[in-house]
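**Student:** Mind looking over this structure? Questions follow.
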Amino acid sequence: MEKGKALKGHVLLCGGGRYESQANAQVRQTIMDGLVGVFGEGNVTSVNISAASWAINYLKPSFVFATGSYLPESTYFGEVSREARKIGAATAFWATEDPYEQDAHYQIANDFDVLFSCDHWGHNFYQRDKVYHLPLAACPNLHYMPIDEAVEKPIDILFCGVAFSSRKEIARMLMPALQKLNIRFIGPGWGELGIGFSDARIEKSQLIELYSRSKIVLNLGRSLHFENKRFMIVPSTPGPRTFEAALSGAFQLFHEDTYELRRYYSADEIPVFSNRRDFERLLDIYLNDDKARLATARKAQERTQKEHLYVHRIQKVIEVMQSEGFLK
């Protein structure tokens, strides 16, 4: 594509597909909010990938921004990039499932002007140039909640998410401490661990409410790799729940696999642990100290508002596209 195109007219966001998960659909919605925050209402249209080619020809956007999973072979992004190229639109793809699908990146690797990967380590494994790291973020419309110092917090420890094997290993490691507390582990696969563990699924709005009722929110990474066998890339960047929980005012304890979290939050914003001894030490400090937890949660929320909203990520996308000469 010829470089130096001016950013005029419409921006088209596309993604999804027949097998899109609810989580990916929610991420796409929050990315849309970020685009609207940068470009303004009426200047951005979001369509399912199945209608993207038609929308490109009808709307004639200046920038086509594709996001999400590239794993299903039925989700054909090549057609989108070809149609965009015909009308001279700049194109970018934000891989929001890295590095779990890395082996299938051939489906998008050579079709877009610039690629963005949500994982810092994983972005090094695309065999092309113009690949940038872009972490996921939080959305004020969905995730922000004012911190209420007076609200009751009957739950000592909360975790919500699928019980992947790595998460179960951590829960079992912490069990001697967890058994003494009022805990809620919620998500498919947890029920077998006993009292305080549930297989239930909850909506994002319910989760934000649970955050406000919990003293401590555990942050445990996932290890489910759909197509990541070639390089076995270890995930590095925190997932969106980290930013979402911080924006909601939750106090988090983060299980640390890498030091990547410190790119986004300091130790007095989100404390970390890597073993049971560290976890129990943090419990001694924070569990019964409301002021310390609130002060820490407030700092994390403020940092998120300043640096980790989807508006900030979209601003970074535009900066990169401009520096590469695809947008003015």
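**Student:** Output yes when any residue across segment 285-293 is loosely packed, with under 15 Cβ neighbours inside 10 Å and β-branched (V, I, T), and no when none is.
**Tutor:** yes
**Student:** Another question, then. Test of understanding: among A163, A177, which residue is within 23 Å of N288 (Cβ to Cβ) and among the small types (G, A, S)?
**Tutor:** Values: A163 fails: within 23 Å of N288 (Cβ to Cβ).
Result of the check over A163, A177: A177.
**Student:** Can you work out which of the residues in segment 140-154 that are touching a Leu at 6+ places or on another chain (Cβ under 7 Å) and of a type outside the set (F, W, Y) is nearest to Y286 (Cα to Cα)? Steps first, please.
**Tutor:** So the first thing to find is which residues in segment 140-154 are touching a Leu at 6+ places or on another chain (Cβ under 7 Å), and the list is 140, 143-144, 147, 149.
Of the ones still in play, those that are also of a type outside the set (F, W, Y) are 140, 143, 147, 149.
Numbers: P140: 27, H143: 23, I147: 17, E149: 15 Å.
Among residues in segment 140-154 that are touching a Leu at 6+ places or on another chain (Cβ under 7 Å) and of a type outside the set (F, W, Y), the one nearest to Y286 (Cα to Cα) is E149.
Yes/no matrix, rows are residues, columns are (1) touching a Lys or Arg at 6+ places or on another chain (Cβ under 8 Å); (2) buried (at least 16 other Cβ atoms within 10 Å of the Cβ); (3) at pLDDT 95 or above:
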| position | (1), (2), (3) |
| --- | --- |
| R184 | no, yes, yes |
| R201 | no, no, no |
| S205 | no, no, no |
| R213 | yes, no, yes |
| P240 | no, yes, no |
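**Student:** Residue check: is V311 buried (at least 21 other Cβ atoms within 10 Å of the Cβ) and at pLDDT 95 or above?
**Tutor:** Spelling it out, it is not the case that V311 is buried (at least 21 other Cβ atoms within 10 Å of the Cβ) and at pLDDT 95 or above.
**Student:** Still on this structure, I have one more. Keeping to segment 188-197, report how many residues are within 22 Å of F279 (Cβ to Cβ), out of contact with any Lys or Arg (no Cβ under 7 Å at 6 or more places or on another chain) and surrounded by 13 or more Cβ atoms within 10 Å (Cβ to Cβ).
**Tutor:** 4
**Student:** Within segment 251-280, count every residue that is under 26 Å from L181 (Cα atoms) and free of Cβ contacts under 8 Å to residues at least 60 places away in the same chain.
**Tutor:** 16
**Student:** Test V11 against the criterion of being at pLDDT 90 or above and either over 19 Å from the mean Cα position of the chain (by Cα) or within 23 Å of N110 (Cα to Cα) (or both), and give yes or no.
**Tutor:** Working: at pLDDT 90 or above: yes; either over 19 Å from the mean Cα position of the chain (by Cα) or within 23 Å of N110 (Cα to Cα) (or both): yes.
Against the criterion (at pLDDT 90 or above and either over 19 Å from the mean Cα position of the chain (by Cα) or within 23 Å of N110 (Cα to Cα) (or both)), V11 qualifies.
**Student:** Another question, if that's okay. Which residues, counting only those in segment 78-104, are modelled with pLDDT under 90 and closer than 14 Å to T67 by Cβ?
**Tutor:** Hits for segment 78-104 are V80, S81, A95, T96, E97, D98, E101.
The values are calculated or read from the model by the stated rules, or taken from the named source; none is laboratory data. The structure displayed is predicted, hence computed values, not measured ones. Every residue, glycine among them, receives a Cβ derived from its backbone with ideal geometry; neighbour counts consider all protein chains shown.
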